[in-house]
Structures are given as structure tokens and as C-alpha cells.
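Reading through the C-alpha cells given below for one structure.
The values are calculated or read from the model by the stated rules, or taken from the named source; none is laboratory data. On a predicted model such as this, the values are computed, not experimentally measured, just so you know. FYI the Cβ positions are ideal-geometry reconstructions off the backbone, even for glycines, and counts take in every protein chain you see. The protein model used for the area step is the full one, side chains on, heavy atoms only, and it has no ligands, DNA or RNA in it. Shrake-Rupley method; radii C 1.70, N 1.55, O 1.52, S 1.80 Å.
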Amino acid sequence: MCCLCAVLFLAYVQAVLALWPLPRSLKTGFTTLKLAPDFGIHVNIAYAPADLEDAVTRTKAFLRTDRLGRLVVGRGVSDSEAIQRAKSLGSIELSLAHGASVRSVTEEARLPIGTRSEEYALHVPADGSAATLAANSTLGLLRGLTTFEQLWYEWQGEIYTTAAPVLIADSPAYPFRGFMLDTSRNFFPVADIKRTLDAMSWVKMSQFHWHVVDSQSFPLEVPGFAELAAKGAYSSSTVYSASDVQEIVAYAGARGIDVMVEIDTPGHTAIIANSHPEHVACAEASPWTTFANEPPAGQLRLASPFTTNFTAGLLATVARMFPSAVMSTGGDELNTDCYAQDPETQADLQASGRTLEEALDVFTRATHAAIRAEGKTPAVWEEMVLQHNVTLGNDTIVMVWISSANAAAVAAKNFRVVHGPSDYFYLDCGAGEWIGDDVANSWCDPFKTWQKSYTFDPLANISASHAHLVLGGEQLLWTEQSGPENLDSIVWPRAASSAEVFWSGPGGNLTAALPRLHDVAFRMRQRGVNAIPLQPLWCALRPGKCDLDS
Amino acid sequence: MKLLALAVLFAVVYSPAEALWPQPRHIQSGSSTLRLAPGFEIAVVGHGVPGDLLAAVGRAKKQLFADNLQRLVVGRGAEDKAAFDGAKFLQRLTLTLEKDAKYTSLTSEAQKALGERDEAYSLVLPADGSGATITANSTLGLFRGLTTFSQLWYEYENTVYTVDAPVTIQDAPAYPYRGLMLDTARNFFPVSDLKRTLDAMSLVKINQFHWHIVDSQSFPLEIPGFTDLAQKGAYSPSQVYSLDDVREIVSYAGARGIDVMVEIDTPGHTAVIAEAHPDYIACSQASPWATYANGQYILGDAAEPPAGQLRFADSTVTSYIADLFTAVTKMFPSTLFSTGGDELNLKCYDIDEPTQATLNASGSTLEQALDVFTQKTHKALEDQGKTPVVWEEMVLDHNVTLSKDTPVLVWISSANVKAVVEKGFKVIHSASDYFYLDCGGGGWVGDYPAGNSWCDPFKTWQRSYSFDPNANLTAEESQLILGGQNLLWAEQSGPENLDSIVWPRAAASAELFWTGPGGNISTALPRLHDVSYRLRQRGVKSISLQPEYCALRNGACDLTA
């Protein structure tokens, strides 16, 4: 608890410190320390995994290439005397705790949610003696390296910190700290996804939720189901091949990020009609407003045993492409009018004597069994729990999106919760309606500012006995109005908001967070991510001066 | 005229592939396919063809084969292959000035006074492969025609073709001022960003770059004789527009048919001048800024930081600004020069002892002093042949003497236009409720968690597009409307999101003020998709308006589809 007091004190008097997410236990000083020209990062682990060595190489490069000037008037000119006199830090020593097993960062990152070890301890002495970073896992060491990188600024060729000594003991409040990207409404090349994974790792996100396909396009090449992309991708060049997926999954893993793929079913599947019209009800039916929440209409014929088998086979195959322990089967926004007017579905229901809801239960059990057979835990959108009466495994992860108010109801049913509520975390809101012939605001207006996301309370209305069910949360980008053109600018630095909420825990102070978030944005830009300005540079260089009451 | 109008409707209905933006005022087009010959040439007839027109022709020729834009239909042109494989080749486009017209540079035509620019042109593209022609009274008109011509073409498997031949166009803008404003003071934009923006502007025939170059936060302009302002007021030495930079930007704009109207906002929005001249600034960085700064950010009374405004009652300050303006006029060939005049905070002067002493000594009121300041600084501009331009407050909130020629930028609300024209002033539409590109991104002031942007919501392209420039105006008053513009204030923008926040939205006002109001948003959408996709092919990060599924299926994502 004493430790906490120090945190508060320092956050107040010391705006120079710009760690994000804020470590859970932190003590810093006021001594300037610079990196020795031959600064080394030593991995004191026998048979250190290659992806840890790669992470060390990246950190060493960032320390030299970030060239981030401190966000103060003069950008470091007032530090120059202290830098001249400063002691040099020669190395940082990385070690694992005694008895810790040595696994790759990638393996650690892909462990089931709740079993990953991300904690680390970092000590940077003020006297120039070696810094130390210790953890129980290589993943923890990666998190610590990420923190270490954020301590340093550049002025006239010197890399320095003004906050030594630094003593950190850190671990995340929640295991699921994610970002969701929809690559179906508009396509994003692999390079954009990799750049996004980089940025995610810099704020210690652990989960990439890849909403890879939807009704508009099917950009995923699935072995044995190649016709889906062949006929459903926007073009032959806008497809994620099996090797693209491997590359993305490996790139993520090496950065401490697990990839949860989503094949949204039985809704959001109109595009499957391009190769399998037999599986899709009300394909491109008009008016789409009757049959879907957005065009085009079309959903899997969930009552058909033939379609159920097809979907189970597809999901099982996709499961084999993704090493994560979780996979999302979607389940949002099912339109029942579509099935009411679909003769095939009605015939299937009559033949089986089931209601639509009973058929949905059969469909869900079959598809979930298929991915469980591949070792996956299913994740679903909230409707599967709150609006339908389907049998779900107790360990199913439920993603709340419609409203933050629904999280408590999900937890009350004893399901694990991932927060993704549109009223706090949807990055696409606020840019106007995208439907043609309609002058309106976006359905989830207004724009969700970083401040709004940052003030989210993961445990609001959730009873203490259910609190353990909250796994964390994510910010989400649905891409009806996004593409590679605005990916960075619509995501960053806003998505860093939830990264801190779910690492450091809720209740952070917005005023104290703003200068640190400026730092995140500026450092991202130095690394080639187009994070946008939150304020005029005048404000960014003068913490507090542009506050409402300043 | 009536027949022509019918033809227009016919063409619009039956030729959905056509994707010109802004829509020409008179167009007839067919449905024949025609392809560009591999040796396609653009010839300019006559002697003394200016270098900037030849350069524009060179760029157009290159773009025709470099755009590589595929048609926005399912298959992206695969279904056109049969038609273009047997299509006639177009060998040549010829540009000709009308009889009696003489060649002058495109740049000089673009920099003429508003109302004296001739942007009209005629374009004929026969279906039989015989030469296409553009004729105009000026090189600026020829350039506009060339821009239209470049939008007719698509690419598929290395064939560049159109599906709309024959095409006959007679075109001229509805309004002389079609602009885009960029603020380079809240955050800085490198020269390359401005040039890219000018390129995009010229694609949609925007003819005025309104450069809000300095403000209270930074002074990124190097001015001969006043270099201390940028030295002490720029964010850093690398975030300054040098004399060479300005020359480069102005000439780059001119060669693209764009005039550059610079704005040195006075007497408010000048806090940064205190860095070099603390004596000239009242309530410099005074706290709380919400009382003393310029703006109506919060609760209608407040502001944006930092506080600080020119001591305009002081004759030394007035002379200084008049000299500063004179020096800046020499850097910008435009006949227009904005002196700003928005968001003056009077409380700032109430507590400023030097201002109060000056007023007491002269026996004048603050408003009278403002009148003197405005007359003297405007006279400095007029002596250099410039027409001053002001924000609406100078007409509606203050009692200052202004020439009736002064164009007035209406920004607070479109509802204020009527009051401005009733006073006999000309108007440039810049209303925050229709044209502000920065709205809707949330409040940027710190420690203000519930803050949405003051001008919420986000202004969609549809919103800008549906603006009526003549709302509530009599026919006579409508004559005073010069045009309008979208605007980007850069508190939450920088090079990172310049393209994505501006494009394709800023094309909405470009069409509104070229083609005239009343356009249909359903038929505009596919054309605007086309603008956006073509901009991307040219390296401008124009954003998606819809899923690509919708962009390839005209109408399929309409509310009623």
C-alpha cells in the first residue's frame, strides 16, 4: 500500500514519466541517466527462445531509432546540462525466476486466457549499475522490455531518462486486453495488420480479435473451402492466404499477442451464397432493412443439417489455421424474418419438428462441438446468451457489444465476459450514417473519445461474486467507413485507452493520463504509426495548460 | 436550354458509370466504348503556350495511363472487355483557345480577382475515335476541361477506356469561390502535405486555398523583416514555412488553377506574437484561459488556450501590424488577404492596463479603437492592391468601417448569412454547421471527460452537399454569394489524418459551388466513391464511405434498396 502512495505522489509532481499502461506498482526518482553507447541487453537464460532474442533486438533498435524528444517546451534543451553530467547505463540483465520453464514468447502468449504469466519486475538504478528485468515467463520479459523502451528520450544524439531510479513491479489487472478489426467490410493488407499488431504490443495488448469475414466479403482462404474466398473476396488480391494467416499469427505471437479468429455465424454470412447459394437464406433479399441490419441480407440456413455440417466443417478447418485456444463463432444480429420467409428453412423445421430457436440450439451445439474437438473454447456475441436459448459450455466467453448495461446480465448467467460495448469502445461511431440515401448520424453516436473509453468501469453493476468472470475488454473497429487509409488515424491513440483500463485497472485520472497518452501517440509516430494529435502541439508540450480549468 | 436540360437528365439516368466530379453543368453522353491509343497525344494549338499549361498537359497524359482505376462495378471491368477489345482508339485530344483569346499562364488566370477568372470550357469526345477537343477562353478553362477529361477513363488489363462516348460538355462554375481552408498553426503540416492537398483540390476543381497559417499556438511563417515571429513562435525551427516554401506552395497551387488566400488572423488569435513582442499582447497566457482567450469552445463564453490578443488600441501595435501585413502581401500574389477578426475577447482588454490607459488617453471606446485598427490595417492591404477578407464578427458583432467589397466568411452559423448580406457584404460560406471538417471528434480540451466537440455532430459529406447557398435570401441578395468552402481546424489533426479527415468530404462543397445546389445524394454517392478511389490511386488517403461491396453495387446499400 505504501507503494501505491508513491505512485500517486509521483504522478502528480512528475509529468516526465510517460509509461502506458501505467505499471501497477511504480517508484521513480529524479536522476538523469543516459544509455551507454555500447548499451547491451543481456538475456541470462540458457537456451533462450529465438522470439525473445528477436524482441531484444527490436528493443535495442527502438532505443536508438525512436528519437523521441521529451514533450516539454524546448524538447530536451533544458535537460542538456543534466545529460552531460549523467551516469551511463551499460546494460540491462534479463532473467527468469528460478524454476520457471523456458518457453517461447509465442507459446506463452497463446496459453488459455487466465493462465498466461505477464508479470515482471524492472529495476533501473540511478548510479549506472546494471538494470535488471525479471519475470516468471518470457512473455513477462517481453512486457518488461516494452516498459523499459518507454523510459527513454533523445536529445542531440543522447538517449536518456530523467526518472531514475525506476522500480517497477507490474502485472495486468485483466488477461484479455484486445483490439478487434473487421477485415470484411473493407480489406486491409497484411502490412496494415502487422503495423497494428506492433502498435498493440507497445501498449501491452494481448489479444487480436480478427473479425475476418462477414456478409460483404470473404477474404480468408480456407483449405478445402477455397471457393469461399475465390468467389467471395472483393478480388483475388484482397485475400488472406493460408501463409498470410501463418505470418500474421506468428508476428502476433512474437509480440505477445494471441489471435482469436471470428467466423461469424449463422448471421453475417450472405457472401457464402456466392459459392454456396444452397446454404444461405434470403441472399441479397430486398428490402434489406427487413432481413438484415445492414446490406446485403443473407444468413446460413441454420435449420438445415446439410448447412450445419458444412459450417461445422468450415469452423473446424479454420480452427486448425489458428493456434489460439479461443475462437469466436459470432452469433450476433440474427434476423428471424429472413427465416420466416425462407421456404427451405420452413421445410427443414417442419421435417424436424423443431422451432427456429431449437434449430439454432442444434446448430450451435454442432458447430461448437466441432471447434471444441479442435481444442478451442468458443467465444460468442452477447445475443447467444441474452436473446437465444441455446446450450453453451460454461466456459464460453461472451462478448458484450450492444450496451455496457448488458454485461451484468451475462455475468449473472455465469458466463465469462469480454467487454466490447458500443457505448464505450466502438471506434467507428460518430462519423455519420454510411447507408446511402440517408442523411443521419451513425447509429452509435457520438464518437467515443479516449476519455470515454478510459472512464469505463469493468465491474459496473457486476456483483463481487461474479467479478472473476470479467476477462477484460477490447476496442473495436467495424470498417464500413474505414480502410487502410484511416486505420491508424481512427484507432490510435484511442485504442490505448482500454489497454490501460484493463492492464492498470479502472479509475485512472484523465488529467494525469493525457500527457502520457500524448507520449504514446508521439512515440507511435516515431515508429511509423499515424497516431493522431489529441491537441495542438502547444498543449502537448505544456501538460495541464489546456485543461478546462487551467 | 430546355432540350439540353432534358438531355442531362437522360444521361444521368442511363449512364450510371459516368463519374465526373463536380458534375458538369451541361453534359450529354452516350454508351459507346472507346479506348486510348497507346500513342495517345494531347496537343495544344497556337503559339506562346505557357509552360504551366504544358506542364499540366504532361501531368494529365501521365495520369491517364497511371491512374489505373478500375470501374466501380462487380468484376471491375471484366464485363467491359468484350466491348473495349473491339473499340475504336482515341488518338488525340486537342486543346484550343477560342478565337481572339490570347495565351496567358494558367497561374496568372487562377490568381485573378474573384469574378474575373474564366473557368468555362467545352469538351467534345466523339464516339468514332476522331479527335477529342477542349476549347475555352482561357488557359484556366482549358485546364478545367483537362481535369474533366481525365475523369472519363478507367483501366482494365492495361487498356484505358471509357464507356460513355460520345461525350459533349459545356461547363462553367456556378460560383467563383470554391475553397478549402487549412489551419497550420494548431498543428504543423509539412510542405509535401500541402502540395498533396493542392493536387487533390485541383482534381475536384477547387480554386481557392484559404491558408489559416498562424494562430495563437504557433507562428510557422517566415516573413522578411519579421523573422523573430517564427524564430520564437514556431513549434521548432523545422516547423516553419520559409520564403522559398511559400513561393513553392503558391506556384504549385497556381499551376493547378488554385489561388492562395493567406490569413493573418487579427487582433485575436495572436497570443504567440508575445514570444517575440510581449509588449504587443494583452492578457498573454492569462489564466484561467477560459475567461480571456478567443473562442466559444465551451458554454458560449469561453475559449481555447492560450489567451493573448493584440493591443490594438496602441498605435505602435497598429503600425506594426500594418507593416506586417504589407510584408506578407509581397509573399502572396492573390488579390485576397484575410485579416481574420473572429472571436475577439473583450474581457481580455478590460483587465489590460496598457489598453485601458491608451483608451483613457485618447478618449475612445474599445470599439472605436478597433475601428481605427481595422481601417489602418486594411488600408495597408489596399495600398498593395489587396482586397481584405474578414470573419463574420467584424460585420455582425463590431461596428467597424469596412469597404463594401470586403468578402465576409460566415462561420458561426449558416443562419448568420442573411444578416451579412442584408448589410450589403459579399459572403463566402464557411458555416460550422455544414462545412467544418473537424467537428465530431470529441472535445480536445483537457480534464473535460464528457466533452463532445463544440460543433457536434460530425459533418458528413451528405450534410455539406445538401447546403443551400441561397437559403432565406432574396434573388438580389443571392448575387452577393461568392461561393464557399469546407474547413479544417487542426486542434486534433496533423499530417497523420489530413487526408483521411478531408477526403473525400471536401469534394462535397467543391461540387455544390461548381455545379450549383440541389444535387441528389443518391446519384452523387457512386460518383463520390469514384472520386475517392481515384484520389487513392493518386496517393491521397481518401477514406471509404461504405463497404466496397456497396461501392461496387450502385444503390444496393441505399436505405430503400
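Quick notes
- Within the range B:236-254, if we keep just the residues that are part of a helix (DSSP H, G or I) and open to solvent by 30 Å² or more (accessible area, probe 1.4 Å), the residue that is farthest from the other protein chains (Cβ to nearest Cβ) turns out to be B:SER251.
- Filter pass, B:GLY257 being open to solvent by less than 10 Å² (accessible area, probe 1.4 Å), part of a loop (DSSP other than H, G, I, E, B), at positive phi and away from chain A (no Cβ under 14 Å): yes
- Scanning the range B:260-270 for residues that are part of a loop (DSSP other than H, G, I, E, B) and out of contact with any Leu (no Cβ under 6 Å at 6 or more places or on another chain) gives a single hit, B:HIS269.
- Residue that is surrounded by the fewest Cβ atoms within 10 Å (Cβ to Cβ), among those in the range B:41-56 that are at pLDDT 95 or above and not aliphatic (A, V, I, L, M): B:GLY51
- Residue check, A:PHE208 touching a strand residue (DSSP E or B) at 6+ places or on another chain (Cβ under 7 Å) and within 28 Å of A:ARG523 (Cα to Cα): yes
- Just one of the numbered conditions (1) in a loop (DSSP other than H, G, I, E, B); (2) within 11 Å of chain B (Cβ to nearest Cβ); (3) out of contact with any Leu (no Cβ under 8 Å at 6 or more places or on another chain); (4) open to solvent by less than 30 Å² (accessible area, probe 1.4 Å) is not true of A:GLY544: (4).
- Leading residue by the ranking (least open to solvent (accessible area, probe 1.4 Å)) among those in the range A:505-518 that are in contact with a Phe, Trp or Tyr (Cβ under 7 Å, 6 or more places away or on another chain) and more than 18 Å from A:SER489 (Cβ to Cβ): A:ALA513
- Helices (runs of 4 or more DSSP H) wholly inside the range A:440-536 containing at least 3 residues that are in contact with a strand residue (DSSP E or B) (Cβ under 7 Å, 6 or more places away or on another chain): A:496-504
- Of everything in the range B:210-234 that is of a type outside the set (Gly, Ala, Ser) and closer than 21 Å to B:CYS283 by Cα, the residue that is most open to solvent (accessible area, probe 1.4 Å) is B:LYS232.
- Test: residue in the range A:5-15 that is at pLDDT 95 or above and either within 30 Å of B:GLN217 (Cβ to Cβ) or part of a loop (DSSP other than H, G, I, E, B) (or both): no
- Only one of B:LEU480, B:LEU528 that is in contact with a strand residue (DSSP E or B) (Cβ under 8 Å, 6 or more places away or on another chain) and either more than 30 Å from B:PRO305 (Cβ to Cβ) or without any contact (Cβ under 8 Å) to a residue 24 or more places away in the chain (or both): B:LEU480
- Helices (runs of 4 or more DSSP H) enclosed by the range B:456-552 - at least 3 residues per element that are more than 16 Å from the chain's Cα centre (by Cα) and within 14 Å of another protein chain (Cβ to nearest Cβ): B:521-537, B:548-551
- Pick from the range A:454-497, criterion among the charged types (D, E, K, R) and within 18 Å of the chain's Cα centre (by Cα), ranking: farthest from the other protein chains (Cβ to nearest Cβ): A:GLU474
- Residue count for the range B:68-83, restricted to those that are surrounded by fewer than 19 Cβ atoms within 10 Å (Cβ to Cβ) and either out of contact with any Leu (no Cβ under 9 Å at 6 or more places or on another chain) or without any contact (Cβ under 8 Å) to a residue 40 or more places away in the chain (or both): 7
- Among all residues of the range B:134-150, there is none that is away from chain A (no Cβ under 14 Å), open to solvent by 10 Å² or more (accessible area, probe 1.4 Å) and farther than 17 Å from B:THR94 by Cα.
- Residue list for the range A:101-134, restricted to those being hydrophobic (A, V, I, L, M, F, W, C), farther than 30 Å from A:ILE83 by Cβ and buried (at least 17 other Cβ atoms within 10 Å of the Cβ): A:VAL105, A:ALA109, A:LEU111, A:ILE113
- From A:PHE447, A:PHE502, residue being open to solvent by less than 40 Å² (accessible area, probe 1.4 Å) and either away from chain B (no Cβ under 13 Å) or modelled with pLDDT of 95 or more (or both): A:PHE502
- Residue in the range A:225-237 that is modelled with pLDDT of 95 or more, farther than 20 Å from B:LEU552 by Cα and touching a helix residue (DSSP H, G or I) at 6+ places or on another chain (Cβ under 7 Å) present: yes
- Within the range A:453-475, being touching a Phe, Trp or Tyr at 6+ places or on another chain (Cβ under 6 Å) and not small (Gly, Ala, Ser) holds for A:PHE456, A:LEU471, A:GLU474, A:GLN475.
- In this structure, B:PRO224 does not qualify as over 22 Å from B:GLY308 (Cα atoms), part of a loop (DSSP other than H, G, I, E, B) and either among the small types (Gly, Ala, Ser) or without any contact (Cβ under 8 Å) to a residue 12 or more places away in the chain (or both).
- Verdict on B:ASN158 being open to solvent by 10 Å² or more (accessible area, probe 1.4 Å), more than 14 Å from chain A (Cβ to nearest Cβ) and not hydroxyl-bearing (Ser, Thr, Tyr): yes
- Unique match (being among the charged types (D, E, K, R) and surrounded by 15 or more Cβ atoms within 10 Å (Cβ to Cβ)) among B:ASP383, B:ASP350, B:ASP371: B:ASP371
- Verdict on B:LYS418 being open to solvent by 50 Å² or more (accessible area, probe 1.4 Å) and either modelled with pLDDT of 95 or more or more than 8 Å from chain A (Cβ to nearest Cβ) (or both): yes
- Hey, B:TYR436 hydroxyl-bearing (Ser, Thr, Tyr) and within 11 Å of chain A (Cβ to nearest Cβ) or not: no
- Figure legend. Inter-residue proximity from the range A:69-89: first residues without any contact (Cβ under 8 Å) to a residue 40 or more places away in the chain, second residues of a type in the set (A, V, I, L, M, F, W, C) and open to solvent by less than 50 Å² (accessible area, probe 1.4 Å), beta-carbon distance below 9 Å, spacing 6+ or different chains. Indicated pairs: A:GLY74/A:LEU541; A:SER78/A:VAL72.
Table: residues versus (1) open to solvent by less than 10 Å² (accessible area, probe 1.4 Å); (2) aromatic (Phe, Trp, Tyr); (3) farther than 18 Å from B:GLU367 by Cα; (4) at pLDDT below 85.
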| site | (1), (2), (3), (4) |
| --- | --- |
| B:ASN294 | yes, no, no, yes |
| B:TYR297 | no, yes, yes, yes |
| B:PRO305 | yes, no, yes, no |
| B:ASP314 | no, no, no, no |
| B:ALA322 | no, no, yes, no |
| B:PHE325 | yes, yes, yes, no |
